[in-house]
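K.L.:
This structure is in structure tokens; I'll ask about it shortly.
The values are calculated or read from the model by the stated rules, or taken from the named source; none is laboratory data. Bear in mind the structure is a predicted one, so any value in this text is a computation, not a measurement. We place every Cβ from the backbone using ideal geometry, glycine too, and count neighbours over all the protein chains shown. Side chains included, ligands, DNA and RNA excluded: accessible areas come from the protein's heavy atoms. Shrake-Rupley method; radii C 1.70, N 1.55, O 1.52, S 1.80 Å.
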Amino acid sequence: MMFAERVLSGMRPTGALHLGHYHGVLKNWVRLQSEYPCFFFVADWHALTTHYETPEVIQDSVWEMVIDWLAAGVDPNQATLFIQSRVPEHAELFLLLAMGTPLGWLERVPTYKDQIEKLKEKDLQTYGFLGYPLLQAADILIYRAQHVPVGEDQVPHVEMTREVARRFNYLYGRELGFEEKALEAVKKLGSKRAKMYAELRIAFQERGDEEALLQAQALLQEAQSLSMADRERLFGFLEGSRKIILVEPQALLTEAARMPGLDGQKMSKSYGNTISIRQDPEEITRLVKTMPTDPARVRRTDPGDPARCPLWQFHLVYSDPSTQEWVKTGCQSAGIGCLECKQPVIDAILKEQQPMFERAQQYLDDPSLVKAIIADGCDKARKVAQETMRDVREVMGLDFD
Ligand code: TRP
Ligand code: SF4
């Protein structure tokens, strides 16, 4: 790709993070941060689209959420951590993209009607809520991020982002005499490379050969002799007759790590069945001890069936095969009691949380550390965002300097 490979993702600050966030999102971020340059941000404006009547919820959650990230192992020396509203360029790009985005694209996003239905207690018949996937598109496009780790529900947003980028490049990537300039640039590759480029381009354009496209992109990547403008043209020329200003991202689907809640449903704040990241150990013990189990086990001597027990779901997440075997046999033969069965789960959760408490402690002792990490991340993010905005303003005819 013409632009450095980047990962971007955001999270809404609307309450304490729980084990569902840890297993579903944060563990994935921690893995990605050593593989790619990563940008992770607090989506405070996004939170306002649903919590505009209770902004205090957001304010209270922002720093706690960042501490939870750090506790989970997100490393500020590897990843760039920032707050959306501190990079106001997101809003500028959102505004500019809004000009040419068809209303239908927003109305058709599946989460739109869904959420209005689901969150009945809130009035979401607002302009901000309708526009929220476009704000998300701006978040992604402003960093020219190729990879966006999201859950399944967010995939349509990334799809729409691709369409927004494509449309933008189509509308504003036009250049007088593009084709002639591109053909001139091909020559500058040197005859051997120029021939290969031409062949790969045809293979992609006429036969849809994606592999050829990748090879041609790699070839351009290596071509030292090109100016920035020519390079841009040749990347665009591969796929059509436009310059590429905004990069189409891909959703990086997090494999569905379904973290069960205390009642056996999916763990979610709205079900009130969560265990928080950095929850008090005694409270964790109490919560697990009072979890419902297979209703057939009224007495200690009644045999049970793990398939009907919410706690078994936790063993699937936390226990090794031999412990799982011990549970199955012990449950079905009434060889073990439910409290006994719960102990390994309690131990595993406490063990998982131990390093999180330890990592969080320094930030709790000195909150200025967290503020410094975010200030630094905001600076870094802003530099990248400003670079993109320079290009965007230029092609939209807004560079009046
Ligand atoms: N919409 C996401 C959510 O509700 C949060 C988010 C905002 C996001 N902007 C993003 C995620 C950009 C990925 C990329 O969870
Ligand atoms: Fe659930 Fe374990 Fe009790 Fe069986 S023994 S019902 S798996 S808690």
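K.L.:
Separation between the Gln361 and Met99 pseudo-spin-labels, each 7 Å from Cα along Cα→Cβ, expressed in nm?
P.N.:
Result for the modelled spin labels: 5.5 nm.
K.L.:
If you count the DSSP beta bridges with both ends in the chain, what percent of them are antiparallel, to the nearest 5?
P.N.:
10 percent
K.L.:
Using a 10 Å cut-off on Cβ atoms, rank the peptides 331-341, 159-169 from the highest mean neighbour count down.
P.N.:
Ranked from most to least packed, the peptides come out as 159-169, 331-341.
K.L.:
Quote the FRET efficiency, to the nearest 0.05, computed for Ser225 versus Glu5 with a Förster distance R0 of 25 Å and r equal to the Cβ-Cβ distance.
P.N.:
My answer for the efficiency is 0.65.
K.L.:
How high is the relative contact order of the chain, in percent, counting Cα pairs under 8 Å that sit 6 or more residues apart?
P.N.:
Contact order relative to length: 22 percent.
K.L.:
Which ³J(HN,Hα) values in Hz, rounded to whole numbers, follow from the phi angles of region 116-131 under the Karplus curve 6.51 cos²θ - 1.76 cosθ + 1.60, where θ = phi - 60° and Gly and Pro get x?
P.N.:
Result, ordered by residue: 4, 5, 5, 9, 4, 6, 10, 8, 9, 7, 10, 5, x, 5, 4, x Hz.
K.L.:
Could you state the number of Å between the C-alpha centres of region 203-269 and region 102-168?
P.N.:
Comparing the Cα centres of region 102-168 and region 203-269, I get a distance of 19 Å.
K.L.:
Ok, one more. Do any trypsin sites (Lys or Arg not before Pro) in region 73-159 lie in a loop, going by DSSP, with at most 11 other beta-carbon atoms within 10 Å of their beta carbon, and if so which?
P.N.:
Hits after loop and neighbour filter: Lys120.
K.L.:
Under a 5 Å amide H to amide H cut-off, with H placed in plane at 1.01 Å, what residues pair with His18 once short-range neighbours are removed?
P.N.:
Residues meeting the amide H criterion: Ile277.
K.L.:
Same structure again: Sorted by accessible area with a 1.4 angstrom probe, largest first, how do Trp312, Trp69, Trp45 fall?
P.N.:
Trp45, Trp312, Trp69
K.L.:
Using a 1.4 Å probe on the protein heavy atoms, what percent of the accessible area of region 278-365 belongs to carbon and sulfur?
P.N.:
53 percent
K.L.:
Another question, if that's okay. Measuring from label point to label point, each 7 Å out along Cα→Cβ, what is the Lys351 to Lys113 span in nm?
P.N.:
A separation of 4.8 nm, rounded to one decimal place.
K.L.:
Based on the alpha carbons, how large is the Rg to Rh ratio for region 178-238 when Rh follows Kirkwood?
P.N.:
0.93
K.L.:
Could I ask something else about it? Relative contact order, percent, of region 178-238 when contacts are C-alpha pairs under 8 Å separated by at least 6 residues?
P.N.:
Relative contact order here is 44 percent.
K.L.:
When the Karplus curve 6.51 cos²θ - 1.76 cosθ + 1.60 is applied with θ = phi - 60°, which whole-Hz ³J(HN,Hα) does each residue of region 386-401 get, with x for Gly and Pro?
P.N.:
5, 4, 4, 5, 4, 5, 5, 4, 4, 6, 8, x, 10, 9, 9, 5
K.L.:
Can you give me the orientation-averaged projected area of the convex hull built on the Cα atoms of region 278-365, in nm²?
P.N.:
5.8 nm²
K.L.:
Sorted from largest to smallest, which semi-axis lengths in Å does the alpha carbon gyration tensor of the chain give for its equivalent ellipsoid, taking the root of 5 times each eigenvalue?
P.N.:
The answer is 47, 24, 20 Å, longest axis first.
K.L.:
To the nearest 20 debye, what is the magnitude of the charge dipole of the chain about its Cα centre, counting +1 on the Cβ of each Lys and Arg and -1 on the Cβ of each Asp and Glu?
P.N.:
560 debye
K.L.:
How big is region 109-243 on each of its three principal axes, counting only the C-alpha atoms and giving the largest first in Å?
P.N.:
66, 29, 25
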